[in-house]
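Working notes, beginning with the structure itself.
The values are calculated or read from the model by the stated rules, or taken from the named source; none is laboratory data. Since the model is a prediction, treat every value here as computed from it, not as a measurement. With ideal geometry, Cβ positions are generated from the backbone for all residues, glycine too; neighbour counts draw on all protein chains shown. Only protein heavy atoms, including side chains, enter the accessible area calculation; ligands, DNA and RNA are left aside. Shrake-Rupley method; radii C 1.70, N 1.55, O 1.52, S 1.80 Å.
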Amino acid sequence: SGQSSIINVLTPPNSGVLVAPLEVCSDDLTIFDLSNQLIGQDLTGHWLDPSGFQQPPNPSFNFNSSMPAGIYTYVVQSAICPPAETQVPVTIITAPDPGTGNPQSICENDYGPGNLYNLNNLLSGSPDPGTWYASSLPIPTNINPNTYGVGTTTFTYQVNGIPPCSNQSISVDLTINP
């Protein structure tokens, strides 16, 4: 009499393949579903936050820039096979800070070639390094007000953002009195 054996081959859990890490600008209020960073994953898993705290079972995890950066992990359990895990690195890039406008009023004859006006006086706060512009053209930080003459001139200060953050700028008036 022959004996027969039945062998069950189980499909292991699949936590997906990382498409790309997520980089978010600190001033971006968009909600990002981290499941979009993965492809091919089983939809029966759950997420672990960077502290290892287990989220309720859900294939989606909504991330926004107010949450901590770090490694988010998608885990798919199996009754018999070991769990599958895929890590999704999330980085928050600090948005550029052009500072706060601080309009000034100066006297033209207080300045000249040997005594230039520092346009950084038009900013308050802690602006990041950037470039000054007048009429859309880059200009030095220290200017001779006589070049612009009596009246109000609007200067723009731009700080370049590190992608995905966009550039930020602020326009400030300098009034040059006779």
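The table for this structure:
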item	result
Test: residue in the range 95-112 that is out of contact with any His (no Cβ under 7 Å at 6 or more places or on another chain), free of Cβ contacts under 8 Å to residues at least 60 places away in the same chain and open to solvent by 50 Å² or more (accessible area, probe 1.4 Å)	yes
Residue in the range 79-86 that is in contact with a Gly (Cβ under 8 Å, 6 or more places away or on another chain) and under 25 Å from C25 (Cβ atoms) present	yes
Residue under evaluation T91, criteria (1) surrounded by 14 or more Cβ atoms within 10 Å (Cβ to Cβ); (2) under 17 Å from the mean Cα position of the chain (by Cα); (3) touching a residue at least 40 places away in the same chain (Cβ under 8 Å), criterion not met	(1)
The range 118-173, residues that are among the acidic types (D, E) and either free of Cβ contacts under 8 Å to residues at least 12 places away in the same chain or farther than 19 Å from S105 by Cα (or both)	D128
Every residue from the range 1-51 that is in a loop (DSSP other than H, G, I, E, B), surrounded by 12 or more Cβ atoms within 10 Å (Cβ to Cβ) and polar (S, T, N, Q)	N14, S15, S26, Q41, T44
Strands (runs of 3 or more DSSP E) wholly inside the range 70-178 that include at least 1 residues being closer than 30 Å to P50 by Cα and in contact with a Ser or Thr (Cβ under 7 Å, 6 or more places away or on another chain)	70-76, 84-93
